[in-house]
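Structure, as structure tokens:
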Amino acid sequence: MPSQPGLPDGLEAVDLAAAPAAERMALSTEAGWNQTTADWHRLLRLGRGFGVAERGGPLVASAVILPYDSDLAWISMVLVIARWRRRGLASILMDEALDACRRLGRTAFLDATPDGTEVYRQLGFAAGERITRWSRPAGAATTTLPTVRADASLEPACLLDARAMGAPRRALLEALAADGRPILQSGGSLLLRPGRVAWQIGPLTAADRRSADALLADGLAAVGAQAAFADARDAAGFDGVLRAAGFTPQRHFLRMHSGTPPPADPGLLWLTAGPEFG
């Protein structure tokens, strides 16, 4: 990240990937997010990070862009430590992230929290679908749902996901599958990964509701009695099956974009990969 003359005194721009892993984790942990050290590493290996630190001191703010294989780039991890909030750091980092997306020729997407929605509107982002994070505590009972035939290949999952998102993201899906638990079936796919406080169930792409229900059932069986998060598009109408599986709504996001979004079929996406990956 180049030097930023707008930074408050005592701060400097830093390479987020070069910052100590513990300082990156301190940012996301203070914000109450679910990322692990592995998540941060995956984001910075596949994408690019922007950081701000106290001069000669620790990291205090971050942002990451994650370019998909083409067309689209995901912005996430826009975090500022509490003692430096309301000083313009998030806006400075967003300007850097958006500029990087433009140079790559990618439409920028992100999942905004309610607090961030108006800020992103002022930066030119347009609103899309609402997403709800559903939470299931450890030890919750689940409902048994039908399962479908297993398919060991990741190729159909990548193709269906590209249709759902409007852009291929094979590199990301392969990384998530390698580090987590992929569930690949004839009607769709589900990727699971451990988080700091709960398992993340998603992304889940499926051609129909029966396949989506079956994938969720197998995902919950894989997670067992451990705590879990699932981020569902409200328009998917997945609320009933999530409630039956022991989930309750925890918070909301608004999917937003800056630029012309590529054609997509979001009805194929039942659960997202979380606000850090899209």
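Things to note:
- Count of the range 186-207 residues which are more than 14 Å from the chain's Cα centre (by Cα), closer than 15 Å to LEU173 by Cβ and either surrounded by fewer than 24 Cβ atoms within 10 Å (Cβ to Cβ) or among the aliphatic types (A, V, I, L, M) (or both): 2
- Among (1) surrounded by fewer than 18 Cβ atoms within 10 Å (Cβ to Cβ); (2) at pLDDT 95 or above; (3) in a helix (DSSP H, G or I); (4) not β-branched (Val, Ile, Thr) - the single one ALA164 does not satisfy: (1)
- Checked against the criterion of being closer than 23 Å to GLY180 by Cα and either assigned by TED's automatic domain parsing to the domain that holds PRO262 or surrounded by 17 or more Cβ atoms within 10 Å (Cβ to Cβ) (or both), the candidates TRP84, TRP74 yield just one match: TRP74.
- Some residue of the range 199-218 being in a helix (DSSP H, G or I), out of contact with any strand residue (DSSP E or B) (no Cβ under 9 Å at 6 or more places or on another chain), of a type in the set (Gly, Ala, Ser) and not assigned by TED's automatic domain parsing to the domain that holds THR29: yes
- Meets criteria (buried (at least 23 other Cβ atoms within 10 Å of the Cβ) and among the charged types (D, E, K, R)) for ARG210: no
- Any hit, the range 251-268, residues being hydroxyl-bearing (Ser, Thr, Tyr) and over 13 Å from the mean Cα position of the chain (by Cα): yes
The values are calculated or read from the model by the stated rules, or taken from the named source; none is laboratory data. If you're wondering where the values come from, they're calculated on a predicted model, not measured in any experiment. Backbone-built Cβ (ideal geometry, glycine too); neighbour counts: all protein chains shown.
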